[in-house]
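Values quoted throughout were computed directly from the atomic coordinates according to the rules given, and no laboratory measurement underlies them. Not measured: the values here are computed from a predicted model. Reconstructed Cβ throughout: ideal geometry from the backbone, glycine too, with neighbour counts over all protein chains shown.
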Amino acid sequence: MPLIGALPQPITSAPLVILISAVLVLMVASALASVFLRSAVFATGAFAATMVLIALLYLAIAPFLLFAVQLLVFTTVSAALLVGVLRRTTGVDSTQEPFSREWIVGAAVAAAVLALLVVIVATTSWPVRATVNAGAGFGSTLANTYVVGLAVLVVILACAALGGGLLLAAPTTARPRGR
Amino acid sequence: MNVGLNLVLAASAALFAVGAFAVVARRSAVLMLIGTQFMFMAGSIAFVAFARFSIGAVNATAGAAVAIFAGAIAVAELALGLAMASLIYREHRSLAVDTDRG
């Protein structure tokens, strides 16, 4: 198959190289932390941090739509599902008040990360947008070229939501005494 | 100093290894599901990296499209897995997946 246009080149811009290297190292480190931390709450927090760092990586090397979907949909939905299960099982909010010191620190960290992301996206002259060469028509390509895939995806997500709801609504089996 | 395909693929492989370790070595259903998420994301990163640094000259948006599909499938798998983990907790008052083991 003939190639269209020039081959992509490695990223050589110094700020972007530093950003991507730091993001990759932090991504693997936070993934390791989420696996090895004993507290399920902290493990979930490290998992969310890993997802945000993957979104930052996408911001540097992928179309902007992928960064937005990764950050706003995948990260928030995954973290919300995990926190919801932890609240149902281990009682996360039974030991901590809604406005305790830990919650305030967590909210401050989340706000700082969000502000950093806003600054990065708003700074148009920074090399992020220079590397996003396929971002312009990605949305229309996704809706035209991959329309069958999107339709299948909608069916799969609906089935997953229905199956999850049915599983959660299933009655609990009575356990025999003495176990 | 530059960033090319090799560096991103190495990080992707490391993330996949962390996820595989979580699935194999941890007993908690939640941590195992987090591990599967890492494995999905590692695959997505590899697709995006190939699209950006290598075969993207043919179709630059294919890698990102696959990443979006893989992420959505990962979220669906997480929803079902967490529903099953919640059922396990209801039955055994534990999130360990081998609570029935002798």
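Here is how the numbers come out for the structure above:
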| item | result |
| --- | --- |
| Inter-label distance for A:F36 and A:T12, nm, one decimal - labels placed 7 Å from Cα along Cα-to-Cβ | 3.8 nm |
| Volume per residue of the C-alpha convex hull in chain B, rounded to whole Å³ | 88 Å³ |
| Estimated inter-spin distance, A:L166 and B:A96, nm [label 7 Å along Cα→Cβ] | 3.1 nm |
| In range of the label at A:C159: residues from the stretch B:62-88 whose backbone nitrogen is under 18 Å from the point 7 Å along Cα→Cβ | B:69-84 |
| Residue list for the stretch B:15-55, given a label point 7 angstrom along the Cα-to-Cβ vector of A:V109 and an amide N cut-off under 13 Å | none |
| Modelled FRET efficiency - R0 22 Å, A:V152 with B:E77, Cβ distances, 0.05 increments | 0.90 |
| Shielding by partners, peptide B:2-9 (average Cβ within 10 angstrom, other chains) | 5 |
| Derived scalar couplings ³J(HN,Hα) [the stretch A:56-73; Karplus, 6.51 cos²θ - 1.76 cosθ + 1.60; whole Hz; x for Gly, Pro] | 5, 4, 4, 4, 7, 10, 10, x, 5, 4, 5, 4, 5, 5, 4, 6, 8, 9 |
